[in-house]
Every structure is written in structure tokens, then in C-alpha cells.
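For reference, the structure is listed below as C-alpha cells.
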Amino acid sequence: MDPVTEIEQRIDSARSSFEELRAEMARVIVGHEELIEHVFIALVCGGHCLLEGVPGLGKTLMVRSLGEVLNLSFSRIQFTPDLMPADITGTNVLTDDPSGRKVFDFQRGPVFAHIVLADEINRATPKTQSALLEAMQEQSVTVGGRIHRLESPFMVLATQNPIEMEGTYPLPEAQVDRFFFKLVLRFPSHEELARIADLTTAAAVAPPREILDAPGVLRLRQWVREVPLAEAVKDYAVRLVMSTHPQQKEGNVAGGLAQRYVLYGSSPRGLQSLILAAKARALLAGRPNVSFEDIRAALLPSLRHRLILNLEADAEGVNAEKILGEIVAQVPEVI
Amino acid sequence: MSAENLTTKFADVIGWERRKRRERLVADAFCLSWGLAILAFPLHVYLPDGPWRWLVPLVLLAGVGPCLAYCARWRRADTTRAVLQLDKMLRLAERAITAWEITARPAAGGAALLVLKQADDRLRAVEPRSLFPRRRSWSVCLALPLFGLWFALLWRDFDRQLFRHDKSLTPPTLAYRLREFARELQERARSEGLHESLKMGEELEKVARQAMDAKASDDELKSDAGGVARKFEAETKARVDQDSFTAGESRRSLEDLKAELEAARDLMQLPGAAGEQPAAQWMERLAALPQLRRHLQPHMRPGQSSTGNEIKSLLENLDRQVSGELDRRAVLDAQRYLEQMMKQPGRQDGEGHQYARTPGGDQRESPAGGEEDKSRGNRPGKEPGKRGEEYRSLPEFRAGASTQVKGLLGEGDSRAIEFKGKPSAGKSTLGAAEVVASYRRQAEQELNSERVPDALKETIRNYFMSLGAEEPQQK
């Protein structure tokens, strides 16, 4: 087949799959279109997401539905202070084999799923958190000296409750940096709330149909990395990331809030996340190349959790979103 | 195929943008050059006569053009911007810029080929000139009006009319200064009736004008002017009448005498003048004039009468002597000033053609004794505090003899000696009453002090009080 035709079909397939996924998710989940898009983008980019929102916004339903639409196994881990690492990764259990001998049998933990929802990750101890974070990074767990590979594609969606921070173990910045996206769930609007009531208090809704499967997601991951990126667009992304660093002079054209409130800017992981997300967005939109708009759309979820702000920002109520908004306004596309 | 088409299309776009920039650059350079040329009108005074001022904008263009060209040279970022303009205008979502970069790569994968194909499809029908038309910049709008303004102003000699060459900015030449000096000398000679001075001024002006026309060197001019000055000096010395009373008179007294002679002449020309009145009566009337009286006194002795014609001839003779002396002195002054001017290396402020005789006398009376007054002279002379080469000590004073102190011309302090009374040995008188009064004052002062015993104070007071009554006046 002509390579161009093949690519066209590929792109068309990706776009249509995404459109169908959105439509199917919209039957089950009210609102959160952007959230669903970002979660799917993170999935096809091979990243993990940190979700922040108050309880009852439909995080678990959304993740479970996503697993069903993508035909991916789903597991939910409710993190509590007494949760142990073995509760996540699994453990060796002494059992009897058919011959009656005592043997250790590895019992897989809930992390062995395609999509893992780590609910309120900040409530567990750092030791338990690290067990999950190791799984996220290595896509494997080590138990009893043996390495157990996790499913592929594998994605963790960790949640944090922003209103109950007392007695929790906030993730250190170095661990937060490993998440591909940080997504903030907003409270539904009036219409959305009304529709939620209709969906959840009436007859049960039919489960979503499968749109894609694991191999399909893996193909999308591969296609994402093949999307061409122009030097000018890449340079724009680099300047955006450089502008989050107040100490950097080269390529830093932003001033004002970033200079005043940012203690440390984004790591290179932020740039990787930004560019991969932009590529994924272009692919899912049916475009063969990355545009400036794709970069700008991916900026906030990619970088909002990677800026370390000083106490003055905390005192004056300046958050990372405000700073990133100013950076986008100040950094030109081409210099 | 797509890549080739796209390469051509991008080349058209970039070429068109470069051409527009060059045109704008030319317009900017043109505007800047002609604008600066208009602002440079005051500097036209330093240009030689001829077509040079018409070439000023071209010279400026030669300087401004390369600078602007360097500053606005085409860079890679400009190419990127030009291609991105396509994306923005056609809403290609950066397909054009991606395709442009892909065309520069040696090999392209499947996705890159799709980008090229889609970009080619969208850009095939694009005409850069219609998509990015020329925009009128300020320089394009201003270029022709500026040129017209410059041309019109220059055609009407506006620069010369408004910014006339100010000759005072350039130091005057020696010939110019000599000419101005000669004119002033002539003016003064005409006002005072000094014929020799007038002749000298005319000859000096002639020399100066010849030097200016021939653009002669300063040395030649000095030689010519010096020759004129020497000629008049010799003539003046030859005319000096040693017996004339005027040689010992001061300039002020001569001028006063001349003024009185003019007044007397006018008086005698009035209706009912000398012919009708007795000569003695005229003599008395003329003797009322102080300077004239001195010279008429020998003719007023008792028993000696003069006729009216004799009086007239006397007055004419006096006038001739006075005018001749004034003329001689003016020539000498001018000669010395000329010598000084020729010796100076260049123009010095306050000198040059500031040749003027001040009223109130610039020569003092005969010297010897008296009070010395150092004041700033009002005649041009040497610099204050400096002795010139021609410094002379004061002449030997002789009692009763009229003499003349000659000074150096030029600005500077002047030393003058004032005398009260005749500096000759003779008797002096002092009143006895004055002496006695002073004695009494001294006595009182001593008596009031503690140095005199109280018992003797009365005795001493009585003695001094009796002095004035007993002692006769002594001469």
C-alpha cells in the first residue's frame, strides 16, 4: 500500500476511534469531555495521570467506563494509612500444590491491571506510595526477588482529595513529577448536574460498548511517536518550558509572575509530556503534524504539577495555572 | 512530486517576501537620506560653491543604505516567519512550516509524506503576490513628498537664504582687518578734518583691497602696509615745526583749542562781525574762551591794537597749527597701531579694527612728582602687566617745560601721574593760626592723658592758650 494512503488510513482510524470513544463515554459520564480526552491522550502516550477533585465527581465511574470502552482490565485501590505495599503489588502465599507439597504461590495484587485507579494516594504511607510509583516507573513489581511484569498498556490514575489534606502524606515533588498529567476535576454545571440525576436515579444505563482494545491502544502509542514535529513548533515548546525557570536567561522571555513566584520550574519530563501530548492531540484530531495550538492545549495538564512555587505565591493565592497563563500570553510563537 | 512543487512554492513565497523587504528598505533609505539632507541645510554654508549641495542626499544614501541593509538583512527566522504566514493565512495548522522542514530533509517517512501531500494540495493554487500584497509603509508615502520638498527648497536657494554664511564665524584675514582699520581711520579723519590721516587711510585701504583681490600672503601685505606707514611717518616728521607751540600741548588742550577756534570762526562770520566792531572789542570777546585767551594774550598788551583781518589771520594761523599737529599725532598713532597689528600673529579680541580715540584725553600733562595713579587706560595698548618691546622709561622732567609722554597703542593698563601744582622749588606758606590751632589740639590731648602731672596741667594749658595771642603771624 502507498505509505501516504496507509498513513491517511491510520490517522483516520485514530480520529474515528477517538470520536467513538468520546461518544460512548458521553453516554455514561456527564461532562468531563476535556478530562476524558486528556486521560485518553495520557494512555496513548504511555503516561499516568494525577486526578484532583472533591469526592463524588465520578472519577471511579469514568475510569471504569474507560476500561470497558477500551476493553482493558480495571482495578481500584483505595489507599488508607494502613495499606501495605504487598496489598498493592501482591505477595507470595504459601499454598499446597497438587502433590501436596507446600509451595509459594504469587498472588497478584490489584496493580496487575491495565488501568489502576489509586484512590486518595496521599492517604497511604510513603512506603506504600513508593510501591505503586515503582510499578508506574518500571511497569513491573519485584516480590520475593522475582520480577513480575505488569500488563501493557498500563496506566495509573491516582486521585487526591484537595479538601482533606490533614493527616495525609502528600506526594513529594519528585514523585509528582512522574505523572504525565495532572487533571483537575471541576464541579459539574447546572445542566450537567441535572443530567447526572437523570442518569443515575433512573433505569440503569447500558454499559458502554468496546471501541478499542489493548493492541489498538498500543498501535496508537506507536503512531503518536511518528507524528512529525516542526522545528519551529518544538522551539516554541522549549521556550515555554524555559520560561517557567526564573533563573534561566536563555530563551526566557516571560517575566512578571514566573519571575516572582516560581521557585523551581518544570523538569525535562515536562517538555517530553508536552510534546508527546501535542502529538497525540494532533493525531486524534486527524492532523498529520503538530501545531502551536496543540502545544498550548497540552501546556496546562503537562506543567501545572511541575512548578514549585514559593511561599509568597501561597500567601498571595497565585497558583501554577495563573503563571502558565501569563507565560502563554507572553511567549511568542516565533522569535 | 509534492516535495518539488512545495519547494518551488515556498521559494516563490520567500522570494516575494524578500523582494517586499528590499523595496521597503530602499524606500526607508530614500526617506531617511532626503530627510537628513533637509535637516543638513545649515551645513551647506561649509560646502564650496557649485553643485555639491545637490549631491548631499546621494552621499547620505551611500552611507545610510548599507547600514539599513545590514540591519534588515534576511535571516533564517525571517524565512520561518514567511512560511508561518502561509499557515496563519490559510489556517493550515502549521502544515506549511512542517512541510517546508521536511523538504529540507533527505528522507521522509510515511507521516512526513502525508504532510507534504496535504500541504501541496492546499498550496498548489496559492499565489503569493495576491495572498500577501504589498502594504504601503510610511516611507513609501513620504518618499516622493520629501524629495519634492528637498528639490523645491534647494531650487529656491532656501538653504542659502536662511542660513547665510556668517563671516564672523571665521576669523578675518589680515587684509580684512587692515581694510577695516583704514576705513575707520578715514572716517575719523573726515570728521576731524585731518588731511594727512585721510590720505593715509585711503592708501592703506587701497593696499588692503589689492591684497584681498590678489589673495596675497600676509608677509606681502605687511610689507606693503609697512611701506605706506613709513612714507607717512617720514613726511610727518619733516613737517614738524619745532617752534610751534602745539608740540608741547596735550591732545585735549589742542582739541579744546580747535573747538574754540571753530566757535570763533563762526562768531566772526555772523552778521555785524569783525568788520563792524573794533578789534579790541573782538579780542576781548575771544579772550573769554580759555584756551584761545592763552594764545591771544600776547596780542592784547596795552598800546598794541590789532585789526580785524589780523585777528582773522591769527586765528587761521592758529587753526592751521592745531590741525597740523592733530593730524601729525593721528598719523603717528595710526602708524604705531599698524605696526602692532602687523606684528600680531593672529586676530585678538578687542584689538584689530577697534581703533578709536577716546574723548577725555589719553595723554596726561607734563610729569614730575605728584600722585601716581594706575588705572585701566581706555586706549588700545599692550596687554596689562606686560612690557612690550618698545617700553620706554619716563622722560626726564624739567621744571616749567612742556613735555609729552608717549604710550604704546593697544589695550592694557595705563600708568598716569597726576600733579598738583608746579613741581618747582619755591616758597610755601602756612598760616600761623593753623599752626597754633594744631599746637593747642596736641596740648589738649597730652593734658588729658595721664602722662602730665595734675599740678602742672593748668600751667601748661595757660601757656599754650597764650601762644596764639602773643605770637605774630609768620610767613
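The values are calculated or read from the model by the stated rules, or taken from the named source; none is laboratory data. Please read all numbers here as calculations on a predicted model, not as lab measurements. Ideal geometry is used to build each Cβ from the backbone, glycine not excepted, and the neighbour counts take in all protein chains shown.
Annotations for the structure displayed:
- Residue check for A:Y169: assigned by TED's automatic domain parsing to the domain that holds A:A320, crowded, with 16+ Cβ neighbours inside 10 Å and among the hydroxyl-bearing types (S, T, Y): no
- Checklist (1) loosely packed, with under 13 Cβ neighbours inside 10 Å; (2) touching a strand residue (DSSP E or B) at 6+ places or on another chain (Cβ under 7 Å); (3) in contact (Cβ under 8 Å) with a residue 24 or more places away in the chain applied to A:V205, failing item: (2)
- Once region B:117-136 is narrowed to residues that are part of a helix (DSSP H, G or I), in contact with a Lys or Arg (Cβ under 9 Å, 6 or more places away or on another chain) and of a type outside the set (D, E, K, R), the residue that is farthest from the other protein chains (Cβ to nearest Cβ) is B:P128.
- When residues of region B:96-110 are limited to those that are within 22 Å of A:R296 (Cα to Cα) and either aliphatic (A, V, I, L, M) or outside any helix (DSSP H, G or I) (or both), the one nearest to the other protein chains (Cβ to nearest Cβ): B:I97
- Taking region A:231-335 as the region of interest, the helices (runs of 4 or more DSSP H) fully inside it that hold 2 or more residues being within 14 Å of chain B (Cβ to nearest Cβ) and surrounded by fewer than 17 Cβ atoms within 10 Å (Cβ to Cβ) are A:231-242.
- Of residues in region A:214-230 being aliphatic (A, V, I, L, M) and facing chain B (nearest Cβ under 10 Å), the one surrounded by the fewest Cβ atoms within 10 Å (Cβ to Cβ): A:L229
- Residue check, B:Y70 within 26 Å of B:R19 (Cα to Cα) and of a type outside the set (A, V, I, L, M, F, W, C): yes
- Answer residue from region A:97-106, given it is in contact with a strand residue (DSSP E or B) (Cβ under 7 Å, 6 or more places away or on another chain) and over 15 Å from A:L150 (Cβ atoms) and is surrounded by the most Cβ atoms within 10 Å (Cβ to Cβ) among those: A:F104
Yes or no, residue by residue, for (1) at pLDDT 90 or above; (2) farther than 29 Å from A:L218 by Cα; (3) touching a Phe, Trp or Tyr at 6+ places or on another chain (Cβ under 6 Å):
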site	(1), (2), (3)
A:N71	yes, no, no
A:D87	yes, no, no
A:L133	no, no, no
A:N161	no, yes, no
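- Residue tally, condition part of a helix (DSSP H, G or I), of a type in the set (S, T, N, Q) and in contact (Cβ under 8 Å) with a residue 60 or more places away in the chain, over region A:58-94: 1
- Selection status of B:A93, within 14 Å of chain A (Cβ to nearest Cβ) and outside any helix (DSSP H, G or I): yes
- Residue in region B:137-145 that is within 11 Å of chain A (Cβ to nearest Cβ), out of contact with any Asp or Glu (no Cβ under 8 Å at 6 or more places or on another chain) and without any contact (Cβ under 8 Å) to a residue 60 or more places away in the chain present: no
Let's see how each residue does on (1) out of contact with any Lys or Arg (no Cβ under 6 Å at 6 or more places or on another chain); (2) within 29 Å of A:I211 (Cα to Cα):
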position	(1), (2)
A:L83	yes, no
A:A86	yes, no
A:F104	yes, no
A:P110	yes, yes
A:L117	no, yes
A:T125	yes, no
A:L132	yes, yes
A:T142	yes, no
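- Scanning region A:10-43 for residues being at the interface with chain B (Cβ under 10 Å from one of its Cβ atoms) and not aliphatic (A, V, I, L, M) gives a total of 1.
- Per the listing B:A40, B:A69, B:A27, B:A77, the residue uniquely assigned by TED's automatic domain parsing to the domain that holds B:F151 and surrounded by 17 or more Cβ atoms within 10 Å (Cβ to Cβ) is B:A27.
- The residues of region B:74-90 include none that are at the interface with chain A (Cβ under 10 Å from one of its Cβ atoms) and among the aromatic types (F, W, Y).
- Yes/no for B:P145 being surrounded by fewer than 17 Cβ atoms within 10 Å (Cβ to Cβ) and either in contact with a strand residue (DSSP E or B) (Cβ under 8 Å, 6 or more places away or on another chain) or modelled with pLDDT under 85 (or both): no
- Subset of region B:221-234 that is at pLDDT 80 or above and not aliphatic (A, V, I, L, M) - its residue that is nearest to B:E196 (Cα to Cα): B:F232
- Residues satisfying the stated conditions in region A:198-230, i.e. of a type in the set (V, I, T), under 21 Å from the mean Cα position of the chain (by Cα) and not in a helix (DSSP H, G or I): A:I211, A:V227
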